[in-house]
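A short worksheet on the structure shown next.
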Amino acid sequence: MSGNPSDDERQREARAILTRVRQETDPQIGAHTQAALMRTGDHFMARDVDQGDRIEVLGARIGRIASIGGFIVLALLLASQLLPG
């Protein structure tokens, strides 16, 4: 920075204004939904495990995808028990 207090103060003020504008214009629900979807995608693609160990990555992906399948099967079984017919 230039060391000039007025320049530093103006830059802080400009950053504060830009932050307020970004907070007011970003759709709040959309940003949170997008972040949740990204975290979920990262989880199921096993981006949170050691990428250097290919077997661990493959095992994590298989296990996590199998858990989705198990959840769907259990949800269908529950629905068949609760619904008349």
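Okay, here's what the table says:
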quantity	calculated
Any chance His32 is modelled with pLDDT under 85, in a helix (DSSP H, G or I) and surrounded by 10 or more Cβ atoms within 10 Å (Cβ to Cβ)	yes
Selection from segment 18-73 of residues that are in contact with a helix residue (DSSP H, G or I) (Cβ under 6 Å, 6 or more places away or on another chain) and among the aliphatic types (A, V, I, L, M)	Ala46, Val49
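The values are calculated or read from the model by the stated rules, or taken from the named source; none is laboratory data. Quick caveat, the model's predicted, so the values are computed rather than measured. No Cβ is skipped: glycine too gets one built from the backbone with ideal geometry, and neighbour counts run over all protein chains shown.
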